[in-house]
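First comes the structure, then the notes that go with it.
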Amino acid sequence: MNQKILTTHQLTIGYMPPRRPPAIIAGPITVALHAGELACLLGPNGAGKSTLIRTLAGMQKPLDGRVLLLGEDVHHLAADDLARRLSVVLTERPPAGLLTGYELVALGRHPYTGWLGRLTPADEAVVRWAVEAVGAADVAARPVSELSDGQRQKLMIARALTQEPAAILLDEPTAFLDLPHRVEIMRLLRRLARETGRAILLSTHDLDLALRTADRLWLMPAGGPLQSGAPEDLILNGAFEASFRTEGVTFDVQTGAFRVQDGARGRIYVNGDGAATIWTRRALERAGFTISANGGPVLARVEVRPNGSGASWRLHRNDRSSEHFSIADLVAALEPGEAQ
Amino acid sequence: MTQPVTAPSPPPTAARSNPPINRRWGLLMPLVVALALAFIASLAIGSVNIPPDQVAAALLGREVERPVWAQIVLNLRLPKATTAALAGAALSVSGLMLQTFFRNPLADPFILGISSGASLGVALVVLTAGVAGNTLVAGIGLTGDFALAAAAAAGSAIALLLILAIARRMYSNTVLLIVGLMFGYFATAIVTILLYFAVPERIQAYLNWTFGSFGSVTWGQLRVIAPAVAIGLLLALLLAKSLNALLLGEVYARSMGVNLRRARTGIMISTAVLAGTITAFCGPIAFLGVAVPHLCRSLFRTSDHRLLIPGAVVVGAILSLLTALIAEVPGSSAVLPLNAVTALIGAPVVVWIILSRSQVQKSFDT
C-alpha cells in the first residue's frame, strides 16, 4: 500500500459569509491521496470540486474537520512551509508578462531561494529538470506570451514541480485545451506521478479521459458523499453513473461511454462487425434509437456489408428493403417522413 | 519518516536555453551614464546663463567670478536636480509596484488616493488657514513651504492609513482599488467645496501647488526627502522577489509561499512613503509613475523586478530631470508648469516607444 500523503478527516467544506450562517457545500469528507498516484476529482458543476481543491490547498478554511499533509494541518503551516510540500495549478490562463518559459518555471523555486530570489546552481538544475520533465525544453527560452495555451499549462505544471512538493493539486488544468493537448497533459501527469512518487490530484470534466488515466477517482455527486476508488470499481458498483445521472444522459456500462439520447424512437437491430458496424450503432443512437443486442421485436433491422474500403447498408423494415451507401443516407431513410 | 517523497535527482543536463539575463543588465550601465549627463546638464542649464567652467568651480567650492552664480548652482540648481532625480525614481518605482500588484497597466502611485489626500491637506491649509496666499506661491525659503509640505504629508498619511487598514483585512485587490478611488473622489469633493468658497489669491496658490514643482525644495527639505525615498526604494528592492511571484496573480503567489499580508503591507507602505513624500514637497507630479514602468519593460524586455526596480530608478530619474529642464525653457526666464511638461513632451514619446515595441500588450496579457 502506497503511503498516504494528503488525508482529510471529517472535512466539511463551504463558505462562512459575514453575519450569515455558514454555507455548507459538501462533507463530511474522509479521503486520502497516496504517493505515486494520479487521482481525478469528478463531479457535476456546483458539487464543490473547486472548493474542495482550495480547501485541500490551504487557500480556504474548512467549516469543520482537518486536512493533513504528511501529518501536518495545512491550515496551520506557514505559507513557505506549505509551498515546499504542496503546489497548485489552476484553470485560469496563466498571465504571461514578459517572462520567458524558463523564468516562469523558475518562479517555483520561490520558497527555497533567499530574499532576492537568486537561483543557486542546484536550483537551476531543478528548474531544468522540471522543464525537461514536462517536455517544454524547446520553448523554455521563448517569451511566455508567444506560447500556446497547452505549452503555457505545461510550463505551469513544470513550475509546480520545481516547488518539489509531496502533492500537486490541479483545478481543471485542461479546461481550455483541445482534446489532443488534454490527453497529452493527462498522460504527462500520470507519468510524473509514477516516476517522481508524488501524489497528484486534479479536477476535470473530462470523464472519459479520467476513466482511462486515473489510478483513482474521487466522485463528488451534488449533495452526496464523496466516494473514492479505482475507476472500474466505481463503475461496476453504480456510483459513477449515480454521480452524473441527469435527464437524457445515461452511462453505458458495456461501452464505458455516455449515451446522450434517450433511445425512445424504437429498437433497431444492427448486424455486422468491424468499424462500420460500431459507427452505425453510434449514428443510430445519436438519432434517438435504441440498439437491440438480440433479436426480439424491433422497428427495423440493418445489415452492414463491408465492400472494399467502404461499406453499404441494407435496411429491412415492414417487409421492405432498401440499399444505402452512407450512414447519413441510412439515418435519413429512417426519418418519419420516409416511413411509407 | 517526515519527508518520504524524495526529490528526484535532476539529471545533469548541459545549461541551455537560459535567458540572457546578463545582457539585459548590461543596458543599465549606459543608462546610468545618461543619468549622470542629465544631472550635469540640469546644473549647467537654467534661466541664468552661467559658463560651464564657473558651474564646475562653484561645485568644487572654488572661487567664482560672481558670487551669485555659486549661490544659484549650489542652493538652487543642485537641490532642484537632486529633488527631480529622487522624485522621478520614487514615482516610477511606486508606479511599477502598483501596476504589478493590481495587474493593471493604468495603475499609478496616486491610484490609492495618496495625491488626493495630499491635495486635501494642502487645500485645507492654503484655502482656510490664516496664511497669506501670496507667500505660498512656489519660491525659496518662504515660510509657508514647510506648512504646505506638512499638510500634504498629513493628507497622504491619512490616505495611507485608510488603505493599510483595508489591506490588513485581506479584502481583494479590487476592493482596495475601489476604496482608493472612492477616497479620491471624496477628497476631491471637499477640495472643490473649499475652492468654491475661497478668495482668488488662495485659489491661485493652491493651483500653483497642483502644477508641481521641483524648484521650491530646499536643502533642509531634502534632508527629509532623501532618507524617505531611500527607505522606500530599499523596501521596494526587498519586495522584488514577492513582486515577481505576484506576476502570476495572488493565488499563485500565495501557493508559492508568498506571505500575502506581509507583501501587500510592504507594497502599500513603500509606495505611500515614496509617492507621499514627493507629493508633499513637489506637488502631485503626474505621468512619470504610469509611463516609466512601461518604458522600462520595453527597454529591458523583462518582467523581473530585480532588474525593473533599479531600471525604473534610473530611467525615472533621467526623464524627471529632462522634463524639469524643459520646463525651465532654457534661454528664457519663463517657467512652465511641470505637470504640463511631463505629459506634453512625455506622452507622445511614450506612445511612440510603446507602439514601436508592442511590449505593453504582452506584459499585461492574461
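The values are calculated or read from the model by the stated rules, or taken from the named source; none is laboratory data. Since we're looking at a predicted model, the values are computed, not measured. All Cβ positions, even for glycine, are placed from backbone atoms using ideal geometry, and neighbour counts span all protein chains on display.
All of (1) at pLDDT 90 or above; (2) surrounded by fewer than 24 Cβ atoms within 10 Å (Cβ to Cβ) hold for residue B:293 with one exception: (2).
One line per residue, one yes/no per condition, for (1) modelled with pLDDT of 90 or more; (2) of a type in the set (Gly, Ala, Ser):
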{"site": "A:85", "(1), (2)": "yes, no"}
{"site": "A:91", "(1), (2)": "no, no"}
{"site": "A:102", "(1), (2)": "yes, no"}
{"site": "A:111", "(1), (2)": "yes, no"}
{"site": "A:129", "(1), (2)": "yes, no"}
{"site": "A:149", "(1), (2)": "no, no"}
{"site": "A:159", "(1), (2)": "yes, no"}
{"site": "A:167", "(1), (2)": "yes, yes"}
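Of the residues making up the stretch B:264-290, those that are surrounded by 21 or more Cβ atoms within 10 Å (Cβ to Cβ), of a type in the set (A, V, I, L, M, F, W, C) and more than 11 Å from the chain's Cα centre (by Cα) are B:267, B:268, B:280, B:281. Within this structure, residue A:206 passes the test of being away from chain B (no Cβ under 14 Å), under 12 Å from the mean Cα position of the chain (by Cα) and among the acidic types (Asp, Glu).
Residue A:241 meets the conditions (1) crowded, with 18+ Cβ neighbours inside 10 Å; (2) touching a strand residue (DSSP E or B) at 6+ places or on another chain (Cβ under 7 Å); (3) among the acidic types (Asp, Glu) in every case but one. The failed one is (1). If the condition is being assigned to a loop (DSSP other than H, G, I, E, B), within 14 Å of chain A (Cβ to nearest Cβ) and of a type in the set (Gly, Ala, Ser), then the stretch B:287-346 contributes only B:303. Scanning the stretch A:118-125 for residues that are crowded, with 24+ Cβ neighbours inside 10 Å and either in contact (Cβ under 8 Å) with a residue 60 or more places away in the chain or assigned to a helix (DSSP H, G or I) (or both) turns up nothing. How about the stretch B:28-85: which of its residues are part of a helix (DSSP H, G or I) and acidic (Asp, Glu)? Once the filter is applied, which keeps residues that are part of a helix (DSSP H, G or I) and acidic (Asp, Glu), the stretch B:28-85 yields only B:53.
Looking only at residues of the stretch B:223-236 that are of a type outside the set (Gly, Ala, Ser) and surrounded by fewer than 18 Cβ atoms within 10 Å (Cβ to Cβ), we find that the one that is modelled with the lowest pLDDT is B:224. Scanning the stretch A:287-311 for residues that are part of a strand (DSSP E or B) and within 30 Å of residue A:250 (Cα to Cα) yields A:290, A:291, A:292, A:300, A:301, A:302, A:303, A:304, A:305, A:311. Against the condition buried (at least 23 other Cβ atoms within 10 Å of the Cβ), farther than 30 Å from residue B:308 by Cα and of a type outside the set (A, V, I, L, M, F, W, C), how does residue A:8 come out, does it pass? In short, yes. For the stretch B:163-175, a residue qualifies if it is out of contact with any helix residue (DSSP H, G or I) (no Cβ under 6 Å at 6 or more places or on another chain) and either not β-branched (Val, Ile, Thr) or not in a helix (DSSP H, G or I) (or both), and the qualifying residues are B:165, B:168, B:169, B:170, B:171, B:172. The C-beta contact set for the stretch B:249-262 (first residue more than 7 Å from every other protein chain (Cβ to nearest Cβ), second residue among the acidic types (Asp, Glu), distance under 8 angstrom, 6+ apart or interchain) comprises B:260/B:250. Considering the stretch A:156-187, the residues that are touching a residue at least 60 places away in the same chain (Cβ under 8 Å) and out of contact with any strand residue (DSSP E or B) (no Cβ under 9 Å at 6 or more places or on another chain) include one that is nearest to the other protein chains (Cβ to nearest Cβ), namely A:176.
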